[in-house]
Amino acid sequence: MLRISKFILALCLVAGGAQADPAAEQVRRDAYAGDVDAVEAAFAQAHKDHSAGVLPLDDLRSLVSVLNTTHPDLIAFQSQWLTAYPASPYALTLRANGYFDAAFRARGHEFSNRTHPDALQAFHDLGEAATQMALQAYDIAPDYVPAADTLLSLQNVTHPLDDAAKFALTADVMQFAPNLGTLQRALSSAEEKWGGAGLPEIKRYCDAFADLIPTEPGFTTDVCIARIVGWNARTGPEIEAARKLAETTGHVNLGGLRRQLALERRSPADRAVLEAYLLRRGNDDWWTASQFAQSFDVTPNIDNALRTIDWLALSRRRDGLRHDPFNAGVIDFLLNQAWSTRPGKAGHPVLTDGTRRILRKRLTLAHPFDAAVWFETGQYMFVDSDDDAPFVPYFENAIYYSQHDAGILQQVMIMTLRALQTEDWLSGATGDAAPAITRDAAQLCPVIRLSRVFEAVCANALYGTCEDMSEAYPMAAIKAAVTSNNLCQHERTAAVQDLLYAPVTIPAGDILSGIANRGEAVDPNGFALAP
């Protein structure tokens, strides 16, 4: 029996933030209302319509993507749906996709030896749960393309299909619903970094299926190979061939690679390619726009396009965040990206302090095992807060999920001592002089604990050096004070193993402010108005 905590289950979904079609919007409204019968019927009808050739595959997939979000009400609805319809291939597929997405968010991007065991365990458990549900969904409805898609995506996690079964499944889908999305998923797991055979396997799939896709005219075997190789190969004849093909064919599926080449070379012809792209109506590609502005002089015509892209990128992400409040990509964009694609130009207003605080807290739930996220949030709380309490739990989680990394411990030590240096109760104390203590042991003992753990980790560090903080002001004064007053006996004498940190639960507070389906007034930018 797989064991997945309720905390992890609550982080199972991720959204793309795209605009939903009317049918998908209605499904989302029904889900918010808890109408499992209506949602089941809508998915079943869409499946039937697609099989009859009257519903595009993109519309069939959009029903999954619109519900595959981090919104707590939609997560709760998925459980209700699966309880009411335990053999529904649609409910099973949706849940499998949520587990799949959560597995990768839990895992993070660090090497295994720098990833906390809790994250690796969550990655394993969520991947196994997703696989079981995807296999069940596909067994019930092998002609339901999203179920097949999910199994192919899981090749990058649990490898549920051997080589022959994977090829056979892809061939089946490409026979009754030839499409680029399914082929793309099959090609992704063909890459060597995911355990595939690399270029020979990519060529095999492209040879067999590329020219079957009716919606992709000119999608030849060469274009198919270039689409995959061009973004993943680093050197060699394959990457050079892919780049040349991107430049000479102008095929839409190689557009991203062509634009990357243009940004690298910056010739007049490259500028023309990028300008034509940026002037497309509805374009919100903020990254390409910002790279263009850093690489070329901006004419008035393009400046207007960049203004529009700025506005679209921000407004669409803010709107999407209401239905997908823990979408890490959107949160990262809002917190960290420049507010204008044009260097030196005023962009959109920065986030309010309250909104920034909410998004920082959400990011820790989006990446619950990422020590860097916990530490960065603690830093923000440290600067933003007038007292110690708000930032301390974030630093403790950063220490735990970094596996008591010396670098994280040292940074927390520095910031903790910096905070203490501003305290009134230490005013006038210098060097080794014991301060006049006006706080109880609960204020001092955590500092002693942190100091002992830091010193022990540094003493056993295999590489690098730690700064000696034992005599740093006011550390020496604090140690002298607790010793002379016989405070913090446990922290001063216990084995270091007993002082190590454990994960801390952070109160939710206002973290869900502004999300959809909660009856709150919402400002034009998509955030809740203050009561």
Worksheet item: Would you call Ala190 within 23 Å of Lys244 (Cα to Cα) and touching a Lys or Arg at 6+ places or on another chain (Cβ under 9 Å)?
Response: yes
Worksheet, complete the sentence: Flagged in the stretch 150-164 as among the aliphatic types (A, V, I, L, M) and closer than 16 Å to Gln132 by Cα, in numbering order, are Leu151, Leu152, Leu154, Val157, Leu161
Worksheet item: With (1) part of a loop (DSSP other than H, G, I, E, B); (2) under 30 Å from Asp310 (Cβ atoms) as the list, and Ala269 as the residue in question, which single condition is left unmet?
Response: (1)
Discussion item. Six or more apart or on different chains, Cβ atoms under 8 Å: show the pairs whose first residue is in the stretch 45-63 and in contact (Cβ under 8 Å) with a residue 60 or more places away in the chain and under 14 Å from Pro178 (Cα atoms) and whose second is among the polar types (S, T, N, Q) and surrounded by 14 or more Cβ atoms within 10 Å (Cβ to Cβ).
Written reply: Leu57/Asn179
Worksheet, complete the sentence: In the stretch 154-179, anything under 23 Å from Ala226 (Cα atoms), at pLDDT below 95 and not charged (D, E, K, R) is listed as Gln155, Asn156
Discussion item. Between a residue in the stretch 106-132 that is farther than 22 Å from Pro160 by Cβ and any residue that is of a type outside the set (S, T, N, Q) and assigned to a helix (DSSP H, G or I), which pairs come within a Cβ distance under 8 Å, given they are 6 or more apart or on different chains?
Written reply: Gly108/Ala119; Thr115/Arg107; His116/Ala371; His116/Tyr400; His116/Tyr401; Asp118/Tyr401
Worksheet item: Quick one: is Asp207 surrounded by fewer than 16 Cβ atoms within 10 Å (Cβ to Cβ) and without any contact (Cβ under 8 Å) to a residue 24 or more places away in the chain?
Response: yes
Discussion item. Take the conditions at pLDDT 85 or above and on the phi < 0 side of the Ramachandran plot and apply them to Tyr473. Does it pass?
Written reply: no
Discussion item. On the basis of being within 19 Å of Pro146 (Cα to Cα), modelled with pLDDT under 95, out of contact with any Leu (no Cβ under 8 Å at 6 or more places or on another chain) and surrounded by 14 or more Cβ atoms within 10 Å (Cβ to Cβ), does Val14 make the cut?
Written reply: yes
Fill in: Test: Phe100 is surrounded by 15 or more Cβ atoms within 10 Å (Cβ to Cβ), in contact with a helix residue (DSSP H, G or I) (Cβ under 6 Å, 6 or more places away or on another chain) and outside any loop (DSSP other than H, G, I, E, B)
yes
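For (1) within 25 Å of the chain's Cα centre (by Cα); (2) farther than 18 Å from Leu334 by Cα; (3) of a type outside the set (Asp, Glu); (4) at pLDDT below 80, each residue gets a yes or a no:
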{"position": "Ser484", "(1), (2), (3), (4)": "no, yes, yes, no"}
{"position": "Ala494", "(1), (2), (3), (4)": "no, yes, yes, no"}
{"position": "Asp498", "(1), (2), (3), (4)": "no, yes, no, no"}
{"position": "Pro503", "(1), (2), (3), (4)": "yes, yes, yes, no"}
{"position": "Pro507", "(1), (2), (3), (4)": "yes, yes, yes, no"}
{"position": "Gly514", "(1), (2), (3), (4)": "yes, no, yes, no"}
{"position": "Ala521", "(1), (2), (3), (4)": "no, yes, yes, yes"}
{"position": "Asn525", "(1), (2), (3), (4)": "yes, no, yes, yes"}
{"position": "Ala530", "(1), (2), (3), (4)": "no, yes, yes, yes"}
Practice prompt. Look through Leu151, Leu120 and report the one residue that is out of contact with any Asp or Glu (no Cβ under 8 Å at 6 or more places or on another chain), closer than 30 Å to Asn397 by Cα and in a helix (DSSP H, G or I).
Written response: Leu120
Worksheet, complete the sentence: Sole miss for Ile309 among (1) modelled with pLDDT under 90; (2) more than 30 Å from Arg107 (Cβ to Cβ) is condition (1)
Item to complete: Quick one: in the stretch 133-162, of everything that is free of Cβ contacts under 8 Å to residues at least 12 places away in the same chain and in contact with a helix residue (DSSP H, G or I) (Cβ under 9 Å, 6 or more places away or on another chain), which residue is surrounded by the fewest Cβ atoms within 10 Å (Cβ to Cβ)?
Response: Asp139
Worksheet item: With (1) more than 28 Å from Ala130 (Cβ to Cβ); (2) buried (at least 21 other Cβ atoms within 10 Å of the Cβ); (3) modelled with pLDDT of 95 or more as the list, and Ala226 as the residue in question, which single condition is left unmet?
Response: (3)
Practice prompt. Please identify the pairs in which a residue from the stretch 22-33 that is assigned to a helix (DSSP H, G or I) and crowded, with 18+ Cβ neighbours inside 10 Å has its Cβ atom under 6 Å from the Cβ atom of a residue that is of a type in the set (Gly, Ala, Ser) and modelled with pLDDT of 95 or more, counting only partners at least 6 apart or on another chain.
Written response: Ala24/Ser62; Val27/Ala42; Asp30/Ala38
Worksheet item: So how many residues does the stretch 107-151 have that are small (Gly, Ala, Ser), farther than 18 Å from Leu365 by Cα and modelled with pLDDT under 95?
Response: 1
Practice prompt. Return a yes/no flag: does the stretch 407-417 have any residue that is modelled with pLDDT of 85 or more, in contact with a helix residue (DSSP H, G or I) (Cβ under 6 Å, 6 or more places away or on another chain) and on the phi > 0 side of the Ramachandran plot.
Written response: no
Item to complete: Any chance you could count how many residues in the stretch 76-94 are crowded, with 21+ Cβ neighbours inside 10 Å, in a helix (DSSP H, G or I) and touching a residue at least 40 places away in the same chain (Cβ under 8 Å)?
Response: 8
Item to complete: Might you check whether a residue that is among the small types (Gly, Ala, Ser) and either free of Cβ contacts under 8 Å to residues at least 24 places away in the same chain or farther than 19 Å from Leu60 by Cβ (or both) occurs anywhere in the stretch 166-186?
Response: yes
Worksheet, complete the sentence: From the option list Ala197, Ala177, single residue qualifying as surrounded by fewer than 20 Cβ atoms within 10 Å (Cβ to Cβ), of a type in the set (A, V, I, L, M) and within 23 Å of Ile239 (Cβ to Cβ) is Ala197
Item to complete: Could you tell me whether Thr83 is modelled with pLDDT under 95 and of a type in the set (S, T, N, Q)?
Response: no
Item to complete: Sort out which residues of the stretch 275-313 are over 22 Å from Phe333 (Cα atoms) and in contact with a Leu (Cβ under 9 Å, 6 or more places away or on another chain), and write them in order of number.
Response: Phe296, Val298, Asn301, Ile302
Worksheet item: Does the stretch 107-118 include one or more residues that are within 17 Å of the chain's Cα centre (by Cα) and crowded, with 22+ Cβ neighbours inside 10 Å?
Response: no
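The values are calculated or read from the model by the stated rules, or taken from the named source; none is laboratory data. Nothing here was measured: the structure is a model prediction, and the numbers come from that model. No Cβ is skipped: glycine too gets one built from the backbone with ideal geometry, and neighbour counts run over all protein chains shown.
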